[in-house]
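Just below is one structure, and these are the notes that go with it.
No value in this document is a laboratory result; all are computed from the given coordinates. All of these numbers come straight from a predicted model, not from anything done at the bench. Cβ: placed from backbone, ideal geometry, glycine included. Neighbour counts: every protein chain shown.
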Amino acid sequence: MSRIGRKPVELPAGVEIKVDGQMITVKGPKGELTQEIGEQITAKVEGTELIFTRPSDTKEDKSQHGLARALVNNMVTGVTTGWQKTLKIVGVGYRAEKQGKKLVLSLGYSHPVEMEDPEGIETEVPDPNTIIIKGIDKALVGNYAAVIRDWRKPEPYKGKGIRYIDEHVRSKEGKAGVAKA
């Protein structure tokens, strides 16, 4: 069996889960999420646990088994505690600010970059060089963080750009001086 797939998903107090065929709905204090799992995977609630089973040991079934369990576990975590990514802006004159539901980034372009917060995502700017992205859907939070980071990826020579808070950017040495003959 899949090591991840065979682990039951623990359902904390205050979390309701509804299994309707292949659709799984998780409702908690922070909101509600729905996910469709593979057609060969079955899910059933036993007490305070959700258990996934698969019909055979084919490679496809094994991968779908672990995937279904991981997705639902992320949904349970999202509706209870939520997901968060923190971005750090490095560079002279680079900064972020919040204007209502808009995130305004000054990244050295001729114009400020304005981004509207997507549905289900909330951004905070505690200081001009830090952006915190929060939400209940792990995939949406990670995707929005990646979209923001794509505006100015960290470059290896001066280290300027937008990076994840725990990301380490390896710096390269600049061009070596060429001796003239």
Practice task
Provide the gained length on full extension for the span ALA176 to VAL104, in nm with one decimal, where the gain is 0.36 nm per separating residue minus the Cα-Cα distance.
Solution key: 22.1 nm
Exercise for the section: Describe numerically, in nm with one decimal, the distance between label points set 7 Å from Cα along Cα→Cβ at SER56 and at GLU32. Expected result: 3.7 nm
Fill in the blank from the handout: A chain fully extended from ALA13 to ASP117 at 0.36 nm per residue, minus the present Cα-Cα distance, gains in nm 34.4 nm
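If you stretched the chain out fully between TYR157 and ASP20, how much longer would it get, using 0.36 nm times the residue separation minus the C-alpha to C-alpha distance?
44.0 nm is the gain from fully extending TYR157 to ASP20.
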Fill in the blank from the handout: Given (i) 9.7; (ii) 16.0; (iii) 11.8 as possible values of mean projected area of the Cα convex hull in nm², the one from the coordinates is (ii)
Exercise for the section: Set Lys and Arg Cβ to +1 and Asp and Glu Cβ to -1, take the dipole of the chain about its Cα centre, and tell me which of ALA146, GLY47, ILE89 lies farthest positive. Expected result: ILE89
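Go through segment 29-134 and name the chymotrypsin sites (Phe, Trp or Tyr not before Pro) that are in a DSSP coil and have 14 or fewer other Cβ atoms within 10 Å of their Cβ.
On the way: sites: PHE52, TRP83, TYR94, TYR109; in loops: TYR94, TYR109.
Answer by residue number: TYR109.
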Handout entry: Mean-position separation - Cα centroids, segment 13-90 and segment 94-160, in angstrom
Key = 28 Å
Exercise for the section: For LYS158, list the lysines whose Cα falls under 23 Å from its own Cα; do not include residues on the same chain fewer than 8 positions away. Expected result: LYS88, LYS172, LYS175
Fill in the blank from the handout: Here, trypsin sites (Lys or Arg not before Pro) of segment 73-131 satisfying both criteria (DSSP loop; at most 14 other Cβ within 10 Å) are LYS101
Fill in the blank from the handout: Any residue on another chain or 5+ positions along whose placed amide H is under 5 Å from the amide H of LYS160 is listed here as GLU155
Exercise for the section: Please go through the residue pairs LYS30/LYS85; LYS7/LYS44; LYS18/LYS134 and name each one whose alpha carbons sit more than 20 Å apart in this structure. Expected result: LYS18/LYS134
